[in-house]
Amino acid sequence: MKLLEIKNVTKRFGGLFANNRISFDISQGEIIGLVGPNGAGKTTLFNCISGYYPPTSGNILFEGREIKNSPPYKVCARGIARTFQIIENFQKMTVLENMMVGAFKKHKYKGKAFKKALKVSEFIELSDKNFEYASDLSPPEQRRLGLGMALATEPKLLMLDEVMAGLTPKEIDEVLDLLRKVRDSGVTLIVIEHLMRAVMSICERIFVLDYGEKIAEGNPEEIAHDEKVIQAYLGKSYAQG
């Protein structure tokens, strides 16, 4: 089943094409990688999907329905959640309060939102920090909290924007295990990431952007040996390694 369909999506800022006629689809239960150099248009595409930017042209279908002109809160209500490159937690609220913000998307009453936040906190292994302020968390814990806030909205599709940035190798492995657990719970994932070891180990398919255009699509093995990708992003040393 196609969960998300991107059809010739273009986003132009004046004369600059941040995304230029990008097309791909994602099936339910996949973990997809979205990679490319800085400025390739990855986050812009996330912004178009999640409702922060209206595409200049093209179509975005979620579960077969057009969502391209929907505001972020409606996109979230449909079942799409995301994290951000820059940490967007509520620093003067506790871990549980942060996740309750997400839980209120599906749970009207405070008690139910609280119970949902407790479950998510345990799921992401942050329950020992439940009553600490977000500002007191370490950077890796703050990134995990951002993931928890998104999961608390009960998404069908979760879009992660460099959720492993700045982590140690051990912390990266822990996040990869968590993302596999998220997928096994029934959530489809799109991952923007520069850490190719992580992308290659977890993603079933990878899309590569460069200068706003999709230049390659395939499984990790195909992407690692694609000459266009090597020249634009990976470099010959990666391919030879």
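The table that follows gives values for the structure above.
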{"item": "Output for segment 125-139, where each listed residue is of a type outside the set (A, V, I, L, M, F, W, C) and touching a residue at least 40 places away in the same chain (Cβ under 8 Å)", "result": "Glu125, Tyr133, Ser135, Pro139"}
{"item": "Residues of segment 150-173 that turn out to be more than 21 Å from Ile32 (Cβ to Cβ) and either of a type outside the set (S, T, N, Q) or in contact with a Leu (Cβ under 9 Å, 6 or more places away or on another chain) (or both), as a count", "result": "5"}
{"item": "Cβ pairs under 8 Å, 6+ apart, first in segment 196-211 and farther than 20 Å from Asp184 by Cβ, second of a type in the set (Lys, Arg) and crowded, with 19+ Cβ neighbours inside 10 Å", "result": "Phe207/Lys214; Val208/Lys214; Leu209/Lys42"}
{"item": "Cβ-Cβ under 6 Å pairs, at least 6 apart or on other chains, segment 77-90 side over 14 Å from Leu145 (Cβ atoms), far side of a type in the set (A, V, I, L, M)", "result": "Ile80/Leu157; Arg82/Met159"}
{"item": "Failed criterion for Ala216 (all others in (1) surrounded by 17 or more Cβ atoms within 10 Å (Cβ to Cβ); (2) touching a residue at least 24 places away in the same chain (Cβ under 8 Å) hold)", "result": "(2)"}
{"item": "From Glu217, Glu222, residue being part of a strand (DSSP E or B), in contact with a strand residue (DSSP E or B) (Cβ under 9 Å, 6 or more places away or on another chain) and over 19 Å from Phe62 (Cβ atoms)", "result": "Glu217"}
{"item": "Qualifying residue in segment 55-71 (condition: outside any helix (DSSP H, G or I), surrounded by 14 or more Cβ atoms within 10 Å (Cβ to Cβ) and aromatic (Phe, Trp, Tyr))", "result": "yes"}
{"item": "Count of residues meeting criterion [within 16 Å of the chain's Cα centre (by Cα) and under 14 Å from Arg197 (Cβ atoms)] in segment 163-178", "result": "5"}
{"item": "Residue in segment 139-153 that is in contact with a strand residue (DSSP E or B) (Cβ under 6 Å, 6 or more places away or on another chain) and of a type in the set (Ser, Thr, Tyr) present", "result": "yes"}
{"item": "Counted residues, segment 23-43 - those being assigned to a loop (DSSP other than H, G, I, E, B) and over 11 Å from Met1 (Cβ atoms)", "result": "6"}
{"item": "Failed item in (1) buried (at least 20 other Cβ atoms within 10 Å of the Cβ); (2) at pLDDT below 95; (3) assigned to a loop (DSSP other than H, G, I, E, B), with Tyr233 passing the rest", "result": "(3)"}
{"item": "Inter-residue pairs, beta-carbon under 7 Å, first closer than 16 Å to Phe24 by Cβ and in segment 62-74, second of a type outside the set (A, V, I, L, M, F, W, C) and assigned to a loop (DSSP other than H, G, I, E, B), 6+ apart", "result": "Lys68/Pro54; Lys68/Pro55"}
{"item": "Boolean, Lys42 is closer than 22 Å to Gly166 by Cβ and either crowded, with 21+ Cβ neighbours inside 10 Å or polar (S, T, N, Q) (or both)", "result": "yes"}
{"item": "Close pairs (8 angstrom Cβ cut-off, 6 or more residues apart or separate chains): within 12 Å of Gly166 (Cα to Cα) in segment 140-154, of a type in the set (Asp, Glu) and surrounded by fewer than 24 Cβ atoms within 10 Å (Cβ to Cβ) anywhere", "result": "Pro140/Glu171"}
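The values are calculated or read from the model by the stated rules, or taken from the named source; none is laboratory data. The model shown is predicted, which means the values in this text are computed figures rather than measured ones. Virtual Cβ from ideal backbone geometry, glycine too; neighbours counted across all protein chains shown.
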